[in-house]
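The structure appears right after this line, and notes come after that.
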Amino acid sequence: MCEERKNHSHNTVRIGPIEFDVPIVQAALSGYSDLPMRRLARRYGAVYTLNEVVLDKVVIQKGRKRSQILSVTDDDHPVGGQLMGSNPEQFGPAAYEMAQAGYDVIDINFGCPVKKVLGRCRGGFLLSQPTAALDIVRRVFDAVQETHPVTVKMRRGMDDSAESERNFFEILDGAFAIGVSAVTVHGRTVAQRYIGASQWTFLSKVKQHVGDKVILGSGDLFSAEACMRMIQETGVDGVTVARGCIGNPWVFQQIRDLLAGREPASPTLSEQHHAILCHWRYAIECHGEAAAVRKTRTHAIKYASHHPEPIRVRDAFVGARNAADFQAVLDAWYSSSGYSSSNDRVGEETVR
Ligand SMILES: Cc1cc2nc3c(=O)[nH]c(=O)nc-3n(C[C@H](O)[C@H](O)[C@H](O)COP(=O)(O)O)c2cc1C
C-alpha cells in the first residue's frame with residue numbers, strides 16, 4: 001500500500017531576477033553537463049542547469065572551444081555559465097563574454113579539487129586566498145552586474161582546520177557584501193575530494209549564518225529522498241543534484257513529486273528508452289556522430305543502472321564503438337519498450 005505523503009510547502013527561490021518555482025538545480029559537472037544533458041534535466045523538471053566549468057582564458061582566447069562555449073541555444077534557459085581561473089584580471093572580460101553569449105547567470109568556481117587545478121592556483125585553491133577570491137568576485141560582479149546575477153560555488157574549505165573555516169566565511173560574507181545572488185556550498189573539503197561524506201551540518205551552519213541570503217546545497221544527493229532531506233535538515237534554499245542525476249534525469253521529477261506530496265515513480269523501460277534516445281539524438285545534433293558515441297556512452301552506462309539487467313546493458317554500452325553499435329544496444333535491450341528508434345520524434349513526446 002502506498003505510504004501517505006505530506007505536501008511539503010516550499011518557497012520560491014530567486015537568483016537575481018530569475019525566480020524558480022521549485023528549488024531543484026542540475027549542478028555543473030565537468031565532462032557531463034553539456035547541452036544534451038541539460039536539455040534532459042530541464043525536460044524532466046530541473047528549473048535551472050549549469051554548464052560544466054570553463055577556464056576564463058579559454059573564453060577570452062579565440063578558438064573552436066571558445067565558440068562552442070559561447071553558443072547558447074534558445075531552448076537552454078535559464079543556464080549558468082561557470083568560470084574558473086587564477087588571474088583576477090581575466091575573469092571580468094570572460095564573464096562579460098559569457099553574459100553576452102546568453103548565459104543567464106555567471107557562476108565562479110572556488111571548489112574544484114583536482115590536483116592539476118590546485119597546482120595552477122585555480123578552483124578550490126582560492127579558498128585559501130580570500131583576498132584573491134574576493135578580487136575575482138568583485139571583477140566578475142563589476143563586469144556583468146547591470147544585466148546578470150553572479151553566484152559562487154564553494155567547498156566548505158581547504159581542509160578541516162579552523163583557519164580554513166575562517167577563510168570560508170570571509171569569502172562567503174565578502175561575496176554577499178559585493179552583491180552575489182546565491183552561493184552553492186558543497187559540504188566536503190578540497191582535501192577530502194570525494195572521500196567520505198558531505199557534511200550537511202556545515203550547510204545548516206552556513207544557512208543560519210547568512211539568514212535570508214540564498215544558499216544552494218551540494219553533496220551526496222543521490223536520490224529525490226536525499227534532496228528532500230537536505231532541504232528539511234539544513235534549511236538550504238535549494239539543492240544542486242550532481243552525480244545523482246547522471247543517467248538519471250527522472251530524479252528531478254521525483255523531487256517535484258515528493259514536494260507535491262505524491263509518490264515518486266521509477267522510470268519504466270519505455271521511459272528509459274525514450275530518455276536515452278533523446279539524449280543520443282541531442283548528442284548527435286550537438287557534437288556529430290563520432291563524438292556523440294563517446295559522450296553518450298558515459299551517460300548510457302549510468303542509464304543502464306535502471307534497466308532490469310543493469311550489468312549486461314552497461315557492458316553492452318561499454319562495448320559500443322560506433323553509432324551502429326550504439327543503436328544496436330538500444331534495439332536489443334530497450335526495443336520491447338514500445339518506442340521505435342527509427343521513427344521516434346525527439347522533443348515532441350511529453351514527459352510522464
Ligand atoms: C565528474 C564530476 C564533475 C564535476 N564538475 C564540476 C564542475 O564543473 N563545476 C563544479 O562546480 N562542480 C563540479 N563537480 C562537483 C559537483 O557539482 C558536486 O558539487 C559534487 O559532485 C558533490 O555532489 P554529489 O556528492 O551529489 O555528487 C563535479 C563533480 C563530478 C563528480
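The residues in the range 67-86 that are out of contact with any Lys or Arg (no Cβ under 8 Å at 6 or more places or on another chain) and either farther than 29 Å from T131 by Cβ or open to solvent by 50 Å² or more (accessible area, probe 1.4 Å) (or both) can be counted, and the count is 9.
Taking the range 129-150 as the range and being of a type in the set (V, I, T) and assigned to a helix (DSSP H, G or I) as the test, the residues that pass are T131, I136, V137, V140, V144. Residues of the range 183-195 that are within 13 Å of the ligand (Cβ to nearest atom) and within 19 Å of A162 (Cβ to Cβ): V185, G187, R188, T189, V190, Q192. Could we say that T240 is surrounded by 24 or more Cβ atoms within 10 Å (Cβ to Cβ) and within 29 Å of F176 (Cα to Cα) here? Yes: the conditions hold for T240.
Only helices (runs of 4 or more DSSP H) whose full extent lies in the range 35-82 are considered here, and the ones with at least 3 residues that are within 15 Å of the ligand (Cβ to nearest atom) and modelled with pLDDT of 95 or more are 35-43, 56-60. In the range 212-232, of all residues being within 14 Å of the ligand (Cβ to nearest atom) and charged (D, E, K, R), the one that is least open to solvent (accessible area, probe 1.4 Å) corresponds to D220.
Per-residue answers, yes or no, for (1) assigned to a helix (DSSP H, G or I); (2) surrounded by fewer than 21 Cβ atoms within 10 Å (Cβ to Cβ):
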{"position": "N248", "(1), (2)": "no, no"}
{"position": "Q254", "(1), (2)": "yes, no"}
{"position": "E263", "(1), (2)": "no, yes"}
{"position": "Q272", "(1), (2)": "yes, no"}
{"position": "A275", "(1), (2)": "yes, no"}
{"position": "W280", "(1), (2)": "yes, no"}
{"position": "A292", "(1), (2)": "yes, no"}
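What pairs come up if the first residue lies in the range 83-97 and is closer than 15 Å to I69 by Cα, the second is open to solvent by 10 Å² or more (accessible area, probe 1.4 Å) and assigned to a loop (DSSP other than H, G, I, E, B), and their beta carbons are under 7 Å apart, counting only those six or more places apart or on different chains? Going by the 7 Å Cβ cut-off, the qualifying pairs are M84/V53; M84/C112; M84/R122; E97/L70.
Criterion first (without any contact (Cβ under 8 Å) to a residue 12 or more places away in the chain, in contact with a Gly (Cβ under 8 Å, 6 or more places away or on another chain) and not aliphatic (A, V, I, L, M)) does E146 satisfy it? Criteria not met by E146.
The values are calculated or read from the model by the stated rules, or taken from the named source; none is laboratory data. On a predicted model such as this, the values are computed, not experimentally measured, just so you know. All Cβ positions, even for glycine, are placed from backbone atoms using ideal geometry, and neighbour counts span all protein chains on display. The accessibility values were calculated without ligands, DNA or RNA, using every heavy atom of the protein model including side chains. Shrake-Rupley method; radii C 1.70, N 1.55, O 1.52, S 1.80 Å.
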